[in-house]
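A short worksheet on the structure shown next.
The values are calculated or read from the model by the stated rules, or taken from the named source; none is laboratory data. The structure displayed is predicted, hence computed values, not measured ones. Here Cβ is always computed from backbone atoms with ideal geometry, including for glycine, and neighbour counts include all displayed protein chains. Protein only, heavy atoms only, side chains kept; ligands, DNA and RNA dropped before computing areas. Shrake-Rupley method; radii C 1.70, N 1.55, O 1.52, S 1.80 Å.
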Amino acid sequence: MAFEVFDDVAFYWFLVSVLITFLAPATCMAVNNRLNTNRAQRCDWTANLASCKEKNTTLNKKKQRDRMNNLVSVNAFLFWGGWIVFAYLLTQITAKQGLEMASFDPFKILEIEGDADPGEVKKAYRKLSLTYHPDKNPGNKEAEQKFILIAKAYEVLTDEKTRENYEKYGNPDGYHGTSVTIGLPSFLTAKENELGILVVYFVLLIVVIPLVVGLWWRKSSKYLEDGIMQNTAYRFWKQLQENTAPKYIPGILASAMEFQELVPRKNTQAADLDRLFKQVQDHFVKNQGDTIPDILKVKTLLYAYLLRVEIPASLREDLDIILEQLPTLLQGLLNISIDQRFVASTCNILEFSQYLTQAIWFNDSHAVLKQLPHLTDRQVRVLNKNKTAVNTIAQLKDDDEKKADLVKDLSPEQAKDVQTVIDHVADVEVEVKWEVEDEEGIYEEDVVNLTVRVDRKHYPSDYTRKADEDEKNDPILNAKPMSDEDVEAELAKIDDEEEREARKEELLEQDRELWFAQQERRRELARARARGGQGWFASGAPPRVVHAPHYPFERTESWMVMLVDSKSNRLIHHAKLVTNNAVETVTLKFLAPKEGMYQYEVLVKNNAYIGSDKKFPFKIHIDKRPEEEVRALEAAAAEEDDEEEEEEEIDDGKWYYLGGNSFGEFILNLIALFIAGVMLFNFLYSKGWWQKFCQPLLDWLLKVASPLLNAIGAVVWPAWQWWSTNVYDFHHFEFLFENNMTLANQTIGAHLNASDKTGLSEKVRAREYEANPLEEKLDPFGVPLSESTLHDET
């Protein structure tokens, strides 16, 4: 039976450990989120634009409300409440600095030295028993517990059997298995708290925990990893085709289950919704689910938003909810399209994201210019009619004549806004390179590395653009190895065979040294940028805010690079630009097909600006691999298969590793055997079988082996004695043997239960008097009546 002790001091340390485990990462996350918020605010170049003034004012008010709500939210209450409790626990631990965690030391309890004689023990007991006597401290629970503890300590030091149990097992009542000190408060053992504690346990285990787990599982099982509901993903998958056009995407998005829960159709909105539907009805295209009122409502609001139709006041809040959910739903729809390798649908989803951000209808011939602020539809039509059509905003950057026509009817402030938007709208430059590592040509089944460098010219210059300039101007990085033709020409000048081979080896060594020098130079440049706070170790640039005055929420710019097979129109590979630096490079790997000429395209598309995407077509010629290389590859593959078969063979393990295959497994086996042995010993000893059967056998074996052990001990004992004296005290393990159990199970409760049978009860003592009438009569607290102050008072 385990002897358990509840310890208040240990409970404080336990709570501090648990709290800091949760509070430390929560605090780091809060600080990181705050820093990220500040960085994003510094990146908002639209903050001072007149076209975004109303939107930014609304967003700032919303952010202030969100901050206030966060301060009084449940998470904030738990966060600050946790820190307050943490501070309180620290003060309690500081106040109890001098107290030790529960351990039973009779000498310390009686405030005497460890070598005190019986007279000093009795004297100390009399003094302390009078000080903490319950009659002198009525109602004082601490004094009562202290008095019981003093009586127990006195019994341990005066009764031979009890003292023998304490010295042998660390427990006055004898062996009780493993003694445990529990870091829980002592009030859990108070009798008056039993009912309340049972009720709390019942509520926590039977009600709260199953309820919380059930709610969490119910919510999490409804959503996928990308944040959309499973039923929504199924609806998207059913409706999305390989060539789904942008005009069908609003109907697909309107079928999302999220909208049926967030913005269901209400009877009070019927009249306004009917009028709005008539305004956009001519542009409607048929989708699945158009007959469902909730889906029709969402679709109507999306059409009205894209056509820039005035939204009735009763529907504006619902439209805001819809637009807030759309980025997540669009990402889910995009993932479904990419998983099926759809090229046209993937491009159309990204283009719809651009139309949504700018609130522009599909295939609008004036869509590019409508992204600029303060321009009316009439001005845009006149400009496109009189001048060459503008296909990208980037065309206006260096065309002063067109810009003058744009702003001639605008105020100076409005003209400044237009110029600011022109300078910041997306404009990228794409470079593509392809190669196979360690090979000059590209052969069948080679892994082709396609490197795409994207330079976002509308971003301010940073270390990435400067790094390209440094590498272009660096003499080491610009050095080129000798071509095969130059090597052959150089070797042809040498007639002697040995000199030719030596010169060839020398040229190869020069190429290797140049390669290593270039790699080291690139690392040096990277380290230099990192030391200056410009490398990967520095904090990355914040997301770039998009100019979207009609979209009521903040949108940030993102880019995707796709590799497409032009002939089959299939998506081969894709990657998202993950940094917000001016220049970013991504590598797309794909397996070279069979021999022939292949046409590919690299598409670089963004989520926010119309007309800013780039397409880079290129051709790759795939050669047939030479026969000797094919045979060499087949031989290498066969050798690898043989090695894999050998590795798959089951190894029974080494006997000297106790059945394991490595030294690490040997150590684990030793630990497992040690734990099993301790548990077996504990079981045998508690049953008495160790003393009855095992100990005699062990003594006989030691007696038989004593000559050999004495011979070994004569050599080993001096070193062992020095080690145990100067390095480590091995008495910690003496509890494993019957005759040396003096230090086993040292921990015993400082707060013993008052109901424990310590032999101090008056009735129990009365029975002891009857059993042993020759024993000197004691008072109820164990003091001889001839010396008891209670006897004198009576």
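Overview of values
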| read-out | value |
| --- | --- |
| Pair list, Cβ < 6 Å and 6+ apart or interchain, from segment 252-266 residues that are touching a residue at least 24 places away in the same chain (Cβ under 8 Å) to residues that are in a loop (DSSP other than H, G, I, E, B) | SER255/GLY289 |
| Matching entry among HIS550, HIS573 (being within 30 Å of ILE321 (Cβ to Cβ), modelled with pLDDT of 85 or more, more than 26 Å from the chain's Cα centre (by Cα) and open to solvent by 30 Å² or more (accessible area, probe 1.4 Å)) | HIS550 |
| Conditions (1) open to solvent by 90 Å² or more (accessible area, probe 1.4 Å); (2) without any contact (Cβ under 8 Å) to a residue 60 or more places away in the chain; number of the one not met by SER483 | (1) |
| Pairs, first without any contact (Cβ under 8 Å) to a residue 40 or more places away in the chain in segment 460-476, second open to solvent by less than 70 Å² (accessible area, probe 1.4 Å), C-beta under 6 Å, six or more apart | none |
| TRP717 being over 43 Å from the mean Cα position of the chain (by Cα), at pLDDT 80 or above and assigned to a helix (DSSP H, G or I) | no |
| Test set (1) farther than 29 Å from ASP623 by Cα; (2) touching a Leu at 6+ places or on another chain (Cβ under 9 Å) - ALA502 fails condition number | (2) |
| Answer residue from segment 576-604, given it is open to solvent by 20 Å² or more (accessible area, probe 1.4 Å) and over 22 Å from VAL436 (Cα atoms) and is modelled with the highest pLDDT among those | LYS576 |
| Any hit, segment 230-247, residues being of a type in the set (Val, Ile, Thr), touching a residue at least 40 places away in the same chain (Cβ under 8 Å), over 18 Å from VAL285 (Cα atoms) and buried (at least 20 other Cβ atoms within 10 Å of the Cβ) | yes |
| Residue that is farthest from GLU242 (Cα to Cα), among those in segment 332-352 that are open to solvent by 10 Å² or more (accessible area, probe 1.4 Å) and not hydrophobic (A, V, I, L, M, F, W, C) | GLU351 |
| Enumeration of residues in segment 248-257 that are crowded, with 22+ Cβ neighbours inside 10 Å and either in a helix (DSSP H, G or I) or within 31 Å of the chain's Cα centre (by Cα) (or both) | ILE249, PRO250, GLY251, ILE252, LEU253, ALA254, ALA256 |
| Verdict on LEU356 being closer than 23 Å to VAL280 by Cα and in contact with a Ser or Thr (Cβ under 7 Å, 6 or more places away or on another chain) | no |
| Members of segment 398-444 found to be of a type in the set (D, E, K, R), more than 16 Å from LYS614 (Cβ to Cβ) and touching a residue at least 24 places away in the same chain (Cβ under 8 Å), listed by number | ASP409, GLU413, ASP417, ASP423, GLU444 |
| Close pairs (6 angstrom Cβ cut-off, 6 or more residues apart or separate chains): open to solvent by 60 Å² or more (accessible area, probe 1.4 Å) in segment 618-643, of a type in the set (D, E, K, R) anywhere | LYS624/GLU595 |
| In segment 104-122, residue least open to solvent (accessible area, probe 1.4 Å) [restricted to those that are farther than 14 Å from LEU149 by Cα and out of contact with any helix residue (DSSP H, G or I) (no Cβ under 6 Å at 6 or more places or on another chain)] | ALA116 |
| Selected residue [polar (S, T, N, Q) and either in contact with a Leu (Cβ under 9 Å, 6 or more places away or on another chain) or open to solvent by 10 Å² or more (accessible area, probe 1.4 Å) (or both)] from THR357, THR291 | THR291 |
| Single residue of GLU194, GLU225 found to be open to solvent by 60 Å² or more (accessible area, probe 1.4 Å), under 30 Å from GLN358 (Cβ atoms) and modelled with pLDDT under 90 | GLU225 |
